[in-house]
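What follows is a short report on a single structure.
The values are calculated or read from the model by the stated rules, or taken from the named source; none is laboratory data. Keep in mind the model is a prediction, meaning the values are calculated, not measured. Cβ placement follows ideal geometry from the backbone for every residue including glycine, while neighbour counts extend to all protein chains displayed.
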Amino acid sequence: MTSTLTPPAVSRPPEGGKRKRRRPFFGKNPLGLLFSAPYLVFVILVFAYPLVYSVWISFHDFFFAAPGAQVDRPFVGLENYITAFSDPAVIRSFGNVGIFLLINVPLTVVLSLLLASALNKVTHFRAFLRVSFYVPYLTASVAVVAVWLFLFNGNGIVNQVLGPLAPSPSWLVNEHWAMPSIALFVTWKQLGFYILLYLAALQAVPQELYESASTDGAGAVRSFFSVTVPGVRPATVLVLLVSTVTGANLFTEPYLLTGGGGPNGASASPVLIMYQDGLQQGHPDTAAAIGVVLVIVVLGIAWLQNRFAGGND
């Protein structure tokens, strides 16, 4: 009698179903994560940790103490915020930096784009011209401020050229002209950096678009607005964001040009008030409260800029 052996049934996955593969813990490119780890540590130590610690300080009664000293730092809620923004100088400093941004940011975007477009078409002395615009950005602020003070003091070259049209008192000691003068100075000094950003963006704009616009009868102005401006929109969003963030952190220029926010606080910025309140007067808790509010305001402005200028990018 012959016995028949039946092979064991092999279980098959259900039709149409796919086995889920576990993703590696370090992603598809662990080497890239390894190379980016030092920068991630840098961001955490230099930006994230100080920001979180500043938020903590702003809600506590914090003061400087001797190293190793055990001191009580009780939770005070919004008291530091109320104390800080009950000071008219703090409110005015936010208004001052608002005036600065209204002058500096549009000028930076317009001038840097126009100059970058012009430099992109220059064939002779191209390298020299690009370096010339970039030199002020690389020069130490103290040296550049000395030249600016020489030009804009009461007996400076600017007042001699303007004659009776020059303001009195002079630019940097005039409550109405101090912050606009600082805005013009910062725009001039940082213009080279933003020109380079736009020059890099212009290389990605296809030349065929300019040729098509020319075929359709578009002149230089129409080609600029119909081809160049849309083509560099991502760079424009970047310029808006960077110039807004750097402008909100204004410190060196009013500190050097107007002697620390003068005249009568007309050029004081929130960061300058934080320095004076936190380090000079020993109130780091109220200074931290000002800083937290400044960060929130800048993030709000940056979101609005990206929302309305960034489009779908």
Does Val109 meet the test of being modelled with pLDDT of 90 or more, within 20 Å of Ala204 (Cβ to Cβ), among the β-branched types (Val, Ile, Thr) and touching a Leu at 6+ places or on another chain (Cβ under 7 Å)? yes
Name, by its number, the condition in (1) in contact (Cβ under 8 Å) with a residue 12 or more places away in the chain; (2) exposed (fewer than 15 other Cβ atoms within 10 Å of the Cβ) that does not hold for Ala65. (1)
Any hit, the range 79-98, residues being in contact with a His (Cβ under 9 Å, 6 or more places away or on another chain) and not β-branched (Val, Ile, Thr): yes
Does the range 55-71 contain at least one residue that is of a type in the set (Val, Ile, Thr) and in a helix (DSSP H, G or I)? yes
Collect the residues in the range 272-313 that are in a helix (DSSP H, G or I), within 23 Å of the chain's Cα centre (by Cα) and of a type in the set (S, T, N, Q), keeping them in residue-number order. Gln276, Gln305, Asn306
So which residues in the range 245-271 are assigned to a helix (DSSP H, G or I) and closer than 20 Å to Ala146 by Cβ? Thr252, Glu253, Pro254, Tyr255, Leu256, Leu257
Failed item in (1) farther than 19 Å from Val105 by Cβ; (2) buried (at least 23 other Cβ atoms within 10 Å of the Cβ), with Pro263 passing the rest: (2)
If we keep just the residues of the range 266-298 that are β-branched (Val, Ile, Thr) and surrounded by 22 or more Cβ atoms within 10 Å (Cβ to Cβ), which is nearest to Pro169 (Cα to Cα)? Ile273
List, please: which pairs have Cβ atoms under 7 Å, are six or more places apart or on different chains, and start with a residue in the range 96-107 that is closer than 20 Å to Tyr255 by Cα and touching a residue at least 60 places away in the same chain (Cβ under 8 Å) and end with one that is of a type in the set (S, T, N, Q) and assigned to a helix (DSSP H, G or I)? Leu101/Thr244; Asn104/Thr187; Asn104/Ser243
Might you let me know whether the range 115-133 holds any residue that is of a type in the set (Ser, Thr, Tyr), surrounded by 12 or more Cβ atoms within 10 Å (Cβ to Cβ) and over 30 Å from Gln207 (Cα atoms)? no
Here's a check for you: in the range 206-228, which residue that is exposed (fewer than 14 other Cβ atoms within 10 Å of the Cβ) and within 23 Å of Ser112 (Cβ to Cβ) is farthest from the chain's Cα centre (by Cα)? Gly219
